[in-house]
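**Q** Questions regarding the structure given below will be posed in turn.
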Amino acid sequence: MKYLVEPITKDQISEVAKTHRESYPKDHLSGSLSQKLLEKYYSLFLSNDVVSIACLNQQKNNLLGFLFFGKDLPSKISQFKQKERVELFFYFIFKPKLLLKILLKKLKHSFQHSESFVEASDIILSIAARPDTKGVGTCLMEWAFEYCRHNQIKRLGLYVTCSNLVAINFYIKSGFIITGYIKGQYYMEKQLENKT
């Protein structure tokens with residue numbers, strides 16, 4: 001099946017959040033967030049310094065998956081946490097089991113050794129595809145690689161939770177290698193050859 005890859009629009013943020021909720025593991029922090037919080041989160045990344053693309057079904061033009069990557073993502077994540085701190089607080093307070101799990105995970109990781117590494121300037125924030133699709137993640141990743149080559153981006157990095165074996169295997173098949181570890185996450189990177 002052929003897919004159409006296009007920039008994400010504000011009108012698609014609700015579908016992006018829904019796809020995220022359907023595809024991310026529930027033990028992943030963002031996989032447990034509400035639809036409303038995810039919409040606010042992804043809206044922050046619709047900017048010139050972040051590439052946001054959607055994979056669409058050509059016949060029906062509905063969103064099948066998405067990918068966000070770019071520069072300076074940690075500051076945008078901090079901005080989201082700061083801006084939504086009250087809503088995040090109440091969201092987790094009313095989910096004590098989830099809150100305890102997150103706090104225990106953070107405590108565990110505070111005792112683990114982290115490796116030092118140099119992070120790429122361009123980082124994948126998230127990639128997700130609806131569970132009932134095939135080849136969407138590969139289509140998005142190949143588009144991102146082509147974009148990077150065309151724009152002289154030599155390294156593309158990402159962070160993945162160590163327990164997310166499905167994602168890790170996908171990234172390895174896509175050419176990423178593990179180059180670091182920090183707080184329960186692997187840092188993975190792919191070297192890209194530029195177009196001449």
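Throughout, read-outs are computed from the coordinates displayed, never taken from laboratory work. The structure displayed is predicted, hence computed values, not measured ones. Note that each Cβ is placed from the backbone with ideal geometry, even for glycine, and that neighbours are counted across all protein chains shown.
**Q** Which one of Phe66, Phe80, Phe92 has the biggest mean-square fluctuation once the chain is modelled by GNM with Cα springs under 10 Å?
**A** Highest fluctuation of the listed residues: Phe92.
**Q** Filter the trypsin sites (Lys or Arg not before Pro) in the range 16-76 to those in DSSP coil with at most 11 other Cβ atoms within 10 Å of their Cβ, and list the result.
**A** Lys26, Lys60
**Q** I would also like to ask the following. For the chain, what is the mean residue ellipticity at 222 nm derived from helices alone (per DSSP H run of n ≥ 4: -39500 (n - 2.57); sum divided by total residues; nearest 500 deg cm²/dmol)?
**A** It lands at -12500 deg cm²/dmol.
**Q** Subtract the Cα-Cα distance of Thr138 and Leu107 from 0.36 nm times their separation in residues, and report this length gain in nm to one decimal.
**A** 7.7 nm
**Q** I've got another one for you. Give, in nm to one decimal, the length gained when the segment between Ser30 and Glu193 is fully stretched (0.36 nm per residue of separation minus the Cα-Cα distance).
**A** Here the segment from Ser30 to Glu193 would lengthen by 55.5 nm.
**Q** Still on this structure: Please report, in debye to the nearest 20, how large the charge dipole of the chain is about its Cα centre when each Lys and Arg carries +1 at its beta carbon and each Asp and Glu carries -1 there.
**A** My answer is approximately 580 debye.
**Q** Out of all Cα-Cα pairs in the chain, roughly what percent, to the nearest whole number, are more than 25 Å apart?
**A** Of all Cα-Cα distances in the chain, 37 percent exceed 25 Å.
**Q** What distance in nm lies between label points placed 7 Å from Cα along the C-beta direction at Lys97 and Lys81?
**A** Label-label distance for Lys97 and Lys81, simple model: 2.6 nm.
**Q** Restricting attention to the range 93-196, which trypsin sites (Lys or Arg not before Pro) occupy a DSSP loop and are surrounded by at most 12 other Cβ atoms within 10 Å?
**A** Loop-located and lightly packed - Lys134, Lys195.
**Q** Can you give the FRET efficiency to the nearest 0.05 for Thr9 and Lys173, using r as the Cβ-Cβ distance and R₀ = 30 Å?
**A** Computed FRET efficiency for Thr9 and Lys173 comes out at 0.50.
**Q** Run down the aspartates and glutamates and flag those whose C-alpha is under 13 Å from the C-alpha of Lys60, throwing out any fewer than 8 positions away in its chain.
**A** none
**Q** When a footprinting reagent is the concern and you count Cβ atoms within 10 Å, what order do Val16, Val160 take, fewest first?
**A** Fewest-to-most Cβ neighbours within 10 Å comes out as Val160, Val16.
**Q** For a quick check: sort Cys148, Cys162, Cys55 by the number of other beta carbons within 10 angstrom, fewest at the front.
**A** Lowest to highest Cβ neighbour count: Cys162, Cys148, Cys55.
**Q** So which of Lys18/Lys81; Lys108/Lys173; Lys101/Lys134; Lys76/Lys173 end up more than 26 Å apart, counting from Cα to Cα?
**A** Lys108/Lys173; Lys101/Lys134; Lys76/Lys173
**Q** Would you mind calculating the gained length between Val118 and Leu46 on full extension (0.36 nm times residue separation, minus the Cα-Cα distance), in nm to one decimal?
**A** Gain on stretching Val118 to Leu46: 23.3 nm.
**Q** Can you sort Ile127, Ile153 by how many other beta carbons sit within 10 Å, fewest first?
**A** Ile153, Ile127
**Q** Place +1 on the Cβ of every Lys and Arg and -1 on the Cβ of every Asp and Glu in the chain, take the dipole about the Cα centre, and give the residue among Gln191, Gly31, Leu56 whose Cα lies farthest towards its positive end.
**A** The one lying farthest along the dipole's positive direction is Gly31.
**Q** If you don't mind, another one. Could you give the longest part of the chain that holds none of the GluC sites (Glu not before Pro) found in DSSP loops with at most 12 neighbouring Cβ atoms within 10 Å?
**A** 1-114
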